[in-house]
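The values are calculated or read from the model by the stated rules, or taken from the named source; none is laboratory data. Quick caveat: nothing in here was measured; it's all calculated off a predicted structure. Note: ideal-geometry Cβ built from the backbone for every residue, glycine included; neighbour counts use all protein chains shown. We work out accessible area using only protein heavy atoms, side chains counted, and drop any ligands, DNA or RNA first. Shrake-Rupley method; radii C 1.70, N 1.55, O 1.52, S 1.80 Å.
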There are 2 protein chains.
Amino acid sequence: VENQLTELLGMKYPIIQAPMAGGVTTSQLVAAVSNAGGLGMIGAGYLSPDQMRKQINEIRELTTENFGINLFVPSQFKAAKNEVQTAVDAMKSFKHELDLDDELPELPTYEAELEKFNEQIRIVIEEKVPVCSFTFGIPSADTVSQLRSENIILVGTATTVKEAILNEKAGMDAITVQGSEAGGHRGTFTEEDGSLIGLMSLIPQAADHVHIPIIAAGGIMDARGLAASLCLGAQAVQMGTAFLTCVESGAADVHKQAILEAADDQIVFTRAFSGKNARGIKNRFITEMREVEQQLPDFPVQNTLTKGIRGKASVQKNKEFMSLWSGQSPMLAKSETVEELINRVVMDAKKLKDFG
Amino acid sequence: VENQLTELLGMKYPIIQAPMAGGVTTSQLVAAVSNAGGLGMIGAGYLSPDQMRKQINEIRELTTENFGINLFVPSQFKAAKNEVQTAVDAMKSFKHELDLDDELPELPTYEAELEKFNEQIRIVIEEKVPVCSFTFGIPSADTVSQLRSENIILVGTATTVKEAILNEKAGMDAITVQGSEAGGHRGTFTEEDGSLIGLMSLIPQAADHVHIPIIAAGGIMDARGLAASLCLGAQAVQMGTAFLTCVESGAADVHKQAILEAADDQIVFTRAFSGKNARGIKNRFITEMREVEQQLPDFPVQNTLTKGIRGKASVQKNKEFMSLWSGQSPMLAKSETVEELINRVVMDAKKLKDFG
């Protein structure tokens, strides 16, 4: 099977490690994936320009292979006073339970987010990062043409056929289609209603409507998911949860353990951690915030408001208040090294389907 | 590839036509599927024992091949007076718009539903229907053993690994795993939270936890979906929407046309038509009932309350008030005969993967 994408991204195997933000994608993880024949990706959404530069250099010490970086595209958000107050009131008792004070953190503004994004883009160009992917939207035409003129390969994210077409029109080299199975934040940037589409539907419909290569993301953990994605019309897979439980990942041990012990029906959506819909393991925070979930401020304001809770819970190894992001296939998760995972997937896939 | 299931169900190809209730599965459709090498299924959930017997005999005039029937397993439901009143109030203006009177239909009771179900089981046994599948629950141990002693092949429905295991334990010969992509009603019969699982996640996790053959259902419309499902661990697919738009299907033309014109992101869930979560094309009824959706009585009470509206809208070819059930892949739908559909899927699948 001919595969433009592995060549384009410089990977031996059509396996991309999802750019999970929030400390999961350590330099060790990213480099191990690229060294094992996949494409490692830095989840840089929350990183400062300095942190980004530092990690890019670290990775270059660990691998000579290609790797990529993912950025969050800022968009206007809603955070009315009463929404912030609803969040503060709803979380007051959790803060006391975790021994946190009531101080309100400085809240993000769209202008500051945009400035940070532009700084991040500057670093990507200066450091000549081979691959740059985007979530939560499509960058401006100027930014896209600037990156393209530097020969940086661009990958967009789509959750519907419409979003896939918008990404292609904007000049992306490839698209990650994020199925409803995916863990963590939804990449949806158009209408939310009707955007939770399973990969069995999303991959073939997207493949019929765009000409650039498609990367499948969501619930894919092993050779079966890889082979199925290729059958459906994708040229590669992006795996998140499968890499999250790897030895090299920076996820908290309590997070890894929770995934290894979870059943498929414990994985739910919540808006409560960040103000944006995201998939993870159901816990007390998700359950007890259900009632006010739709009245909270948008991302990234709610994310900033929960930062203290998530941080303290993590220190206390208290999984009831951590965002335990996971895709819908936790029962396929294993504790192993990146090399073991990739070799297992590749060996098993060869038995299932010749993917060249 | 060895496939116990095609042998068990007596099909040439691993393609089952979903038992869509409400007049879609005409005798012509069911027989055409079985004659073309698949397994045709009667959606008998809403049929009276007499209607069932009549259709079984009609099908036997049209084919000598195996076919199946699907029944709804009744369960206790909630229909408080205030819920019924909420429904009546919310639909009053629609009834006027459609020139319907305000008369309240006779509402179903659990006892009557159970009696009807037992009658249906009696017909299945008397008529020796080769395959009987179940949705919305698992029949009693007595019913299962009665059917098994008559050598009727039993197929359960599961939307989570837990439900798959319960079906296996109850003595089902095979399980249909219904992904979140699927059109029409959810088969969920345990906790609803966490039960919307995409096939990319549901098939392999279920396959790892049960020993009986798995049938994949949800968003599968062509060879790509068939090949992918087999890669993931299923032994056959059950296609609904793909057969709904076929010439032989009894769906209203306006319903078929709406699917042929729909985009992936227009397919949403609603509880408003029946009191049970179901997937279909967004229209005025779904949108305008959103606000009260969670305050309506359970299935089948709400279904009875909307019967007049759905019926009159269908006569008027008014798609804004019909339940336009569809899976998440409407952009893969075609208008063709059953034989054309099955031949196309089989020919294309041979190119993708040898499925024996």
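For the structure I just gave you, tell me whether B:Lys116 is modelled with pLDDT of 95 or more, exposed (fewer than 12 other Cβ atoms within 10 Å of the Cβ) and under 18 Å from B:Asp50 (Cα atoms). In short, no. Just so you know, in the stretch A:98-121 the residues that are in a helix (DSSP H, G or I) and free of Cβ contacts under 8 Å to residues at least 40 places away in the same chain include one that is nearest to A:Pro139 (Cα to Cα), and it is A:Asn118.
Here is a check on your reading of the model: is A:Ser229 at the interface with another protein chain (Cβ under 7 Å from one of its Cβ atoms) and of a type in the set (Ser, Thr, Tyr)? So A:Ser229 does not fit the description; no. When A:Asn70 is tested against (1) surrounded by fewer than 21 Cβ atoms within 10 Å (Cβ to Cβ); (2) within 20 Å of the chain's Cα centre (by Cα); (3) not aromatic (Phe, Trp, Tyr), only condition (1) is not met. Identify the residue in the stretch A:209-220 that is free of Cβ contacts under 8 Å to residues at least 60 places away in the same chain and of a type in the set (A, V, I, L, M, F, W, C) and, among all such residues, is nearest to the other protein chains (Cβ to nearest Cβ). It comes out as A:Ala216.
Listed by first and then second residue, the pairs linking a residue in the stretch B:1-26 that is of a type in the set (D, E, K, R) to a residue that is modelled with pLDDT of 95 or more and outside any loop (DSSP other than H, G, I, E, B), with Cβ atoms under 9 Å apart and 6 or more places separating them unless they lie on different chains, are B:Lys12/B:Thr6; B:Lys12/B:Val346. Here is the figure for the stretch B:223-274: residues that are crowded, with 24+ Cβ neighbours inside 10 Å, within 15 Å of B:Leu332 (Cβ to Cβ) and among the hydrophobic types (A, V, I, L, M, F, W, C) total 11.
Checked against the criterion of being closer than 23 Å to A:Gly137 by Cα and either within 13 Å of chain B (Cβ to nearest Cβ) or within 17 Å of the chain's Cα centre (by Cα) (or both), the stretch A:240-258 contains one or more residues that satisfy it. Hey, does the stretch A:197-206 have a residue that's open to solvent by less than 20 Å² (accessible area, probe 1.4 Å), within 8 Å of chain B (Cβ to nearest Cβ) and part of a loop (DSSP other than H, G, I, E, B)? Yes, some residue in the stretch A:197-206 is open to solvent by less than 20 Å² (accessible area, probe 1.4 Å), within 8 Å of chain B (Cβ to nearest Cβ) and part of a loop (DSSP other than H, G, I, E, B).
Taking every residue in the stretch A:221-243 that is under 21 Å from A:Glu7 (Cα atoms) and pairing it with any residue that is basic (Lys, Arg) and outside any loop (DSSP other than H, G, I, E, B), at least 6 positions away or on another chain, the pairs with Cβ-Cβ distances below 7 Å are A:Cys231/B:Arg224; A:Leu232/B:Arg224; A:Gly233/B:Arg224. Of the helices (runs of 4 or more DSSP H) contained entirely in the stretch B:1-63, those carrying at least 2 residues that are out of contact with any Gly (no Cβ under 6 Å at 6 or more places or on another chain) and more than 23 Å from B:Gly183 (Cβ to Cβ) fall at B:4-9, B:49-62.
Only a single criterion out of (1) within 14 Å of chain B (Cβ to nearest Cβ); (2) outside any loop (DSSP other than H, G, I, E, B); (3) more than 17 Å from the chain's Cα centre (by Cα) is not satisfied by A:Asp193, namely (2).
Within the stretch A:248-261, residues that are closer than 9 Å to A:Lys319 by Cβ reach partners that are among the polar types (S, T, N, Q) and open to solvent by 20 Å² or more (accessible area, probe 1.4 Å) with beta carbons closer than 6 Å, at six or more positions or on different chains, in the pairs A:Ala252/A:Ser314.
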